[in-house]
Amino acid sequence: MERIKCGCGHVNPHGTLLCEACGRSLTGTGAPELLDMRYEGSARRSQTYNKTFIDKVWNFFSSVKVGIWLIVITLIASGIGTIFPQKMYIPQFVPASEFYEQKYGWPGKLYYILGFHELYSQWWYMILIALIGVSLVVCSLDRAVPLFRALKAQRVDRHESFMKGQRIFGITKGENFDEAVKAVKRNLKKKRYRIREENHAILAEKGRFSRWGPYVNHIGLIIFLFGAMLRFFPGMYVDEVIDIKEGERKEIPGTDGEYYLENKQFILEVYDEKENEAFSEALKKTGDVAKNYQTDVVLYKRKGERVPGAEAGLIKEKEYSIQVNNPLKFDQYAIYQMDFKTVLSAMNFVLVEKETNEPLGEINISLDNPKMRYNLGNGYTVEILKYYPDFDLDDEGLPVTLSRDPNNPAFVFEMYTPDKPEGEISLVAIQQTVEPVGENKYKMQFAGIETKTVSILALRKDLTLWIFALGGLIFLIGLSLGSYWNHRRIWIQQRGPDIWLAAHTNKNWYGLKRELQTVLAGTGINEPEDRNEKKGK
Amino acid sequence: MKKNRLFMRTSILTVLAASVILTVYANLTKGERPQLKVGDVAPDFILTDLNGNKHRLSDYEGQGVLVNFWATYCKYCEKEMSLLEKQYQDQKDQGVQILAVNIGETDLVINRFLEKHELTFPVLNDRKQEVVDAFGVNPLPVTFLINKHGFIAGIHTGEITDEKMAAEMIEKIKP
């Protein structure tokens, strides 16, 4: 490996711009007016090795430009992913392969083919995120290591050209500054500078750790990404929705059939006007305001082998009232109250003689398990010939059901009465009655509905949460290190009768200048000038 | 030192590449629903038919089993029932069982359907939809051919369109 020996005797890695020790420019073009102090002019690890395949890959990822492009591409892809809805939000009964094309035409088809409909689990999207992670690691290593080296190797007496190349630089002419230098040193100590001295040269430095801020920050990001990665592994993260009707008991999805849940009842409480007099006006205006959403559940654990369809042997684990923000916790799972919906559970009908409007008996039909025949006594019987839980008419105008869910129930009744023993047929749907074979004498009159509440619960298990918290914390620590502290350095050299003073900071030049003002006040050493200011920048 | 650096870089890049590949792989294999393939062991189940008899898939070991998932509101399902019935009548004594699993409609609806179509093979009702989930059924109809050792020998999604097709299915799982 080729190395560069500086005039001061220090040996620098190949590619170094400013000598790590004395700060002399090593580029051979002579000192420019202002030195570029980025990364202390150290050699980025990748810059000069381009020999093996590994080095080439390394160099590719060490480029910040590449990193930014990766982020831009990911942003664009994420943006495109919001144009049409993601797969989880499209109607469930239409396959995604047809939905997008049907609804959005060829752009929809393309969207589907390229996988934008399930963006976050596309392999190429994951690889993009992963490449950003690789870029983060390599970029950081490639810069942090040489920067650390350069800051460690820096010498107190910097070369003339280095001093002259600083943005804040000044010469005070005169004689015998010993007292003044002592005073400055005292002032610097008061400002908590660490002072090193060598051959009439002083280096005062503080806040070097703030230079590690961005790298600490990146470590936090990488831990964050690691947490996101872990979520893809089985057992680390579960997120399921459980729809469970009052009175129902079912397997909890996502637990491999190990746990069962029973919904005993759902409770919705609203604020009472009378109890809250102060709010009675407001409550009158807005109507009901929910006070509590609660599902009383029983948790069971399965005993013995699991065979789908079979009645599982269950052991009662615990009873619990799930409320918003008060989940049922068990094993590593938590079940939260998310939502509820009301569904039809039963319908009532009265058999009526049309002419006299005389009621002849009422039936109650369970929509989940309707009976075939209902006996009303006195020779009146009603039979359900057809049940359409999700009633609709097909292309030919014939009654059909769209699904097995009782969203819009309809029945074909056959009414047997003493004076019509052969039966009369009528189709009864919500708000409509059809008599397909002539005028009937009797009718089934709608007499009300019964509903049940379906609790919508969310099952969560997340073993990665603490990793995200840790990553976030480290991220924030890095951010504060870099934001609230500055790395400030002041070089003071007694060159013959004169005092040379140069200063550098990684940010907040104004603060540095203010500090110099206080430090130099009354010592007879002139405040150095800011050469960017002079140039009118 | 140069070798050292190459070693460091190689190991860092290897660790990064390995975690990327592992993550992508874990994501691809993470099944939302188990997708059954030909050659897999068919998931066992116990369901009751509409006459109240229990059927357990593993009890049919030694016979071929055709498991057809259907619903009354699925027109293609309705059409293929007669083909299945014919095969059932022809093959009954040759060791092939046919089980039609309804995806959990009400007994009333299924019974009315059976009054219209006389079917002699067992019609099961998967009320809790656990079997539907275990087989990853979507869309309907879908027919699973299970051989005498309990392995899946064929999966047909969509309608069984003619007699020849039905006969070939049965032929596949004849013990």
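The values are calculated or read from the model by the stated rules, or taken from the named source; none is laboratory data. Just so it is clear, the model here is predicted, and its values are computed rather than measured. FYI the Cβ positions are ideal-geometry reconstructions off the backbone, even for glycines, and counts take in every protein chain you see. Side chains included, ligands, DNA and RNA excluded: accessible areas come from the protein's heavy atoms. Shrake-Rupley method; radii C 1.70, N 1.55, O 1.52, S 1.80 Å.
Counting Lys +1, Arg +1, Asp -1, Glu -1, what net charge surrounds A:K206 among other residues with beta carbon under 10 Å of its beta carbon?
Value of the local net charge: +4.
With a ≥ b ≥ c the root eigenvalues of the C-alpha gyration tensor of the stretch A:185-294, is it rounded (a/c under 1.5), prolate (a/b larger than b/c) or oblate?
Verdict is oblate for the stretch A:185-294.
Let me have the relative contact order for chain A, percent, based on Cα pairs under 8 Å that are six or more residues apart.
Result for chain A is 18 percent.
Could you tell me how many degrees, from 0 to 90 and to the nearest 10, lie between the Cα long axis of helix A:96-113 and the main elongation axis, the longest principal axis, of the Cα atoms of chain A?
On a 0 to 90 degree scale, this one is about 20.
How far is helix A:509-520 tilted off the main Cα axis of chain A, in degrees rounded to 10, range 0 to 90?
That works out to roughly 40 degrees.
Return one number: the angle in degrees, 0 to 90 and rounded to the nearest 10, between the long axis of the Cα atoms of helix A:178-190 and the longest principal axis of the Cα atoms of chain A.
Tilt of helix A:178-190: around 10 degrees.
Could you pull out every Cys in chain A that lacks a partner Cys with its beta carbon under 4.7 Å away?
If one checks each Cβ against the other cysteines of chain A, A:C139 turn up with nothing under 4.7 Å.
Helix-derived [θ] at 222 nm for chain A: sum -39500 (n - 2.57) over DSSP H runs of at least 4, divide by residue count, nearest 500?
Counting only the DSSP helices, I get -9500 deg cm²/dmol.
Can you give the local net charge around B:K92? Use residues other than it whose beta-carbon is closer than 13 angstrom to its beta-carbon, Lys and Arg +1, Asp and Glu -1.
Value of the local net charge: -1.
Please work out the FRET efficiency for the pair A:V270 and A:E319, using the Cβ-Cβ distance as r and a Förster radius of 22 Å; give the result to the nearest 0.05.
After rounding to 0.05, the efficiency reads 0.35.
Which helices pass in chain B if a helix is a full DSSP H run, must span at least 15 angstrom along its long axis by Cα, and must have mean Kyte-Doolittle hydropathy not below -0.5?
Answer set is B:2-29, B:163-173.
With unit charges on the beta carbon (Lys/Arg positive, Asp/Glu negative), name the residue among A:G377, B:H117, A:A502 whose Cα is farthest towards the positive pole of the charge dipole of the protein assembly as shown.
The residue sitting most towards the positive pole is A:A502.
Select from the stretch A:438-486 those trypsin sites (Lys or Arg not before Pro) which occupy a DSSP coil region and have at most 14 other Cβ atoms within 10 Å, ordered by residue number.
Qualifying residues, ordered by number: A:K441.
Counting partner chain Cβ atoms within 10 Å of every residue's Cβ in A:55-63, what's the average?
Mean inter-chain Cβ contacts per residue within 10 Å come to 2.
Can you give me the C-alpha center-to-center distance between the stretch A:325-404 and the stretch A:200-249, rounded to a whole angstrom?
That distance is 50 Å.
Give me the net charge for the shell around A:I54: Cβ to Cβ below 11 angstrom, other residues only, Lys and Arg +1, Asp and Glu -1.
+3
Among B:L145, B:L99, B:L13, which one shows the biggest mean-square fluctuation in a GNM of chain B, springs joining Cα atoms closer than 10 Å?
Looking only at B:L145, B:L99, B:L13, the largest GNM fluctuation is found for B:L13.
Per residue, how large is the accessible surface of the stretch B:1-120? Use a 1.4 angstrom probe and give square angstrom.
Here the residues of the stretch B:1-120 average 53 Å² of exposed surface.
Total Å² of accessible surface buried at the B-A contact, 1.4 Å probe, nearest 100?
3900
Using a probe radius of 1.4 Å on heavy atoms only, what accessible surface per residue do you get for the stretch A:346-449? Whole Å² is fine.
Normalised by residue count, the accessible surface of the stretch A:346-449 is 52 Å².
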